[in-house]
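S.K.: Next up is a structure, given as structure tokens.
The values are calculated or read from the model by the stated rules, or taken from the named source; none is laboratory data. Since the structure is predicted, the reported quantities are computational estimates derived from the model, not experimental observations. Methodologically, a virtual Cβ is constructed for each residue, glycine included, from the backbone with ideal geometry; neighbour enumeration extends over all protein chains shown. Surface accessibility is based on the protein's heavy atoms, side chains included, excluding ligands, DNA and RNA. Shrake-Rupley method; radii C 1.70, N 1.55, O 1.52, S 1.80 Å.
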Amino acid sequence: MNSHSPRRKIGFLGGGQLARMMILEAHRLGLEPHVFTANANDPAAQATRFTTIGKLQDIKSLENFLEKMDLVTFESEFAPPETLKALEKSSKKRIFPSPEIMRVLQNRLSQKQTLQKFKIPTAHFFPVSTAQDLMAAWNSLNGAFVLKKNFGGYDGYGTFFAKKISDLKGLEEKLQTEPQGFIAEQMISFQRELAAIFVRSANGKTLCLPLVETHQTQGRCDWVRGPLTHKQWPFMQKKIFKMMKGLDYVGALGVEMFDTGRELLVNELAPRVHNSGHYSQQALLESQFTLHLKAGLGEHLNPVQVLAPQFVMTNLLGESDKELVPPNDLKGVLHLYGKTENRPGRKMGHVNYLGPKGSKLLSAALKERKKFQL
Ligand SMILES: Nc1ncnc2c1ncn2[C@@H]1O[C@H](COP(=O)(O)OP(=O)(O)O)[C@@H](O)[C@H]1O
Ligand SMILES: [Mg+2]
């Protein structure tokens, strides 16, 4: 069947905003998007009538879901990769990126080891599972580090900053609660955080979306702006493309980086579409969501077209449990995720802006965000 044939069934594991935005693009491409998620009201389930309610741990219902699909992808790397590997084999349905890539990248330690293997610059680190390891890391990393859970961390949940020796006591207690352990990572005094989405098609072709600055507050993405340049960026791109080829990567890959001024260091990799790429819905001819799907289908990827000299994305993070209300004179392009409940810190939506060269786009966008009831 030609990859353009209509009504190819594409399955999405997980029903949050990332799946929702991929599904919206899947409709546009004439695909039939199916979602496997825990609740009928989840953001992605609202975007398609083909919803299977289930848990990723329930092998039987996952198997039934896969059987019906032509192709499957996911919105979170925290699914059981061994189960998916076995089901991919028995059902002969392709999952992209592969469950093996999911396995390697879902764990901080094996992710960092992968970066090292491909000689990609990244902060020094040590595996940590005991109080002794913690102390040894403290000494080796010159008395400051960031402790990161090997499994399941996101949006700053799972990262802990040790700045003084008395911080170690509290961290020691955390060690007991994580069977998969931690890494202690060198504290980087970065000038800014950068990110980019890379895409590799099943036909082997790659591309990279513009380099952007991402701003985090309390470990959570707050805003993004671009496009940017950096002296080390061409070098880094080459390295990442090489890694993607080496892993036979298919789909979108989110790459978070630290800019120390002179160098670029990779902070982390996310084997999926990523919050730092949401601007692409307005600022690029084809969004990261479209490109991820085209990559999975093995389609040709067109060169990236940036539609404005400047773009900004602001995240709408909940501040209460009341309903989110946008201002009635909003200038940006609103994307709400349809979450049934607002909560402090919860990603509820985002707003995209385009602007001319030299305009104060970021400050205007942040000013406009103050008019939201969050
Ligand atoms: N080694 C580090 N040095 C300084 N700040 C860090 C370091 N690692 C993480 N951070 C800060 O914490 C944030 C969240 O950490 P990250 O590793 O990206 O985990 P998450 O999966 O939660 O996004 C980063 O965006 C950055 O602001
Ligand atoms: Mg991060």
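S.K.: Filter the trypsin sites (Lys or Arg not before Pro) in the range 280-359 to those in DSSP coil with at most 13 other Cβ atoms within 10 Å of their Cβ, and list the result.
M.R.: Qualifying residues, ordered by number: Lys322, Lys331, Lys357.
S.K.: For the range 148-247, what D do you get in µm² per second when you plug the Kirkwood radius from alpha-carbon pairs into Stokes-Einstein at 25 °C and 0.890 mPa s?
M.R.: Rounded to a whole number, D works out at 149 µm²/s.
S.K.: Taking a cut-off of 19 Å, what percent of all Cα-Cα pairs in the range 1-86 are separated by more than that?
M.R.: The calculated P(r) of the range 1-86 puts 31 percent of pairs beyond 19 Å.
S.K.: Which loop-located GluC sites (Glu not before Pro) does the range 262-327 contain, where loop means any DSSP state but H, G, I, E or B and the Cβ has at most 15 other Cβ atoms within 10 Å?
M.R.: Glu323
S.K.: Counting only helical runs of four or more DSSP H residues, what would the 222 nm mean residue ellipticity of the chain come to if each run contributes -39,500 (n - 2.57) and the total is spread over all its residues?
M.R.: It comes out at -8500 deg cm²/dmol, rounded to the nearest 500.
S.K.: Give me a comma-separated list of calculated 3J(HN,Hα) values for the range 45-52, in order, Karplus coefficients 6.51, -1.76, 1.60 applied at θ = phi - 60°, integers in Hz, x for any Gly or Pro.
M.R.: 5, 5, 9, 8, 8, 9, 10, 10
S.K.: Would you please give the FRET efficiency between Ala86 and Gln180, computed as 1/(1 + (r/R0)^6) with r the Cβ-Cβ distance and R0 = 22 Å, to the nearest 0.05?
M.R.: It comes out at approximately 0.60.
S.K.: For the range 133-164 and the range 294-321, what is the centre-to-centre distance using only Cα atoms, to the nearest Å?
M.R.: Spelled out, the Cα-based centre of one part sits 31 Å from the other.
S.K.: To continue, here is another question. With equal scatterers on the alpha carbons only and no solvent term, can you work out the Debye log10 of I(q)/I(0) for the chain at 0.08, 0.11 1/Å?
M.R.: -0.41, -0.80
S.K.: Where Rh is the Kirkwood radius over the Cα pairs of the range 206-337, the temperature 20 °C and the viscosity 1.002 mPa s, what D in µm²/s does Stokes-Einstein return?
M.R.: 131
S.K.: Among Ile120, Ser166, Phe145, whose Cα sits farthest toward the positive end of the charge dipole of the range 114-267 (+1 at Cβ of Lys/Arg, -1 at Cβ of Asp/Glu, about the Cα centre)?
M.R.: Ile120
S.K.: Provide the gained length on full extension for the span Glu63 to Arg262, in nm with one decimal, where the gain is 0.36 nm per separating residue minus the Cα-Cα distance.
M.R.: Length difference between fully extended and current span is 66.8 nm.
S.K.: Provide Rg over Rh for the range 309-374; use the alpha carbon set for both Rg and the Kirkwood Rh (inverse mean inverse pair distance).
M.R.: Computed over Cα atoms, the ratio is 1.00.
S.K.: In the range 132-183, which trypsin sites (Lys or Arg not before Pro) fall in coil by DSSP and have 15 or fewer other Cβ atoms within 10 Å?
M.R.: Those that pass, being in a loop and sparsely packed, are Lys163, Lys164.
S.K.: Could you go through the range 273-285 in sequence order and give the Karplus-derived ³J(HN,Hα) for each residue, using 6.51 cos²θ - 1.76 cosθ + 1.60 with θ = phi - 60°, rounded to whole Hz, and x for Gly and Pro?
M.R.: 5, 9, 3, 5, x, 5, 3, 5, 4, 10, 8, 10, 5
S.K.: Please find the FRET efficiency linking Phe151 to Glu173, where r is the Cβ-Cβ separation and R0 is fixed at 25 Å, and quote it to the nearest 0.05.
M.R.: E(calc), rounded to 0.05, equals 0.90.
S.K.: Under a Cβ-Cβ cut-off of 12 Å, what is the net charge of the residues other than Pro309 that fall near it, where Lys and Arg count +1 and Asp and Glu count -1?
M.R.: Residues close to Pro309 contribute a combined charge of +2.
S.K.: Under 4 °C and 1.567 mPa s, how fast does the range 48-180 diffuse according to Stokes-Einstein, given a Kirkwood radius computed over C-alpha pairs? Answer in µm²/s, whole number.
M.R.: Calculated translational D: 75 µm²/s.
S.K.: Using all C-alpha to C-alpha distances in the range 66-113, build P(r) with 5 Å bins and read off the rounded percent in each one.
M.R.: 5, 23, 32, 21, 11, 5, 2, 0
S.K.: Per residue, how much accessible surface does the range 154-293 expose to a 1.4 Å probe? Answer in Å², no decimals.
M.R.: Counting only protein heavy atoms, the per-residue value for the range 154-293 is 42 Å².
S.K.: Please compute the net charge surrounding Val128, taking Lys and Arg as +1 and Asp and Glu as -1 over other residues with Cβ under 14 Å from its Cβ.
M.R.: -1
S.K.: Right, something else. Based on C-alpha coordinates, I'd like the Rg and Dmax of the range 281-321, in Å.
M.R.: For the range 281-321, the Cα-based Rg and Dmax read 14.3, 44 Å.
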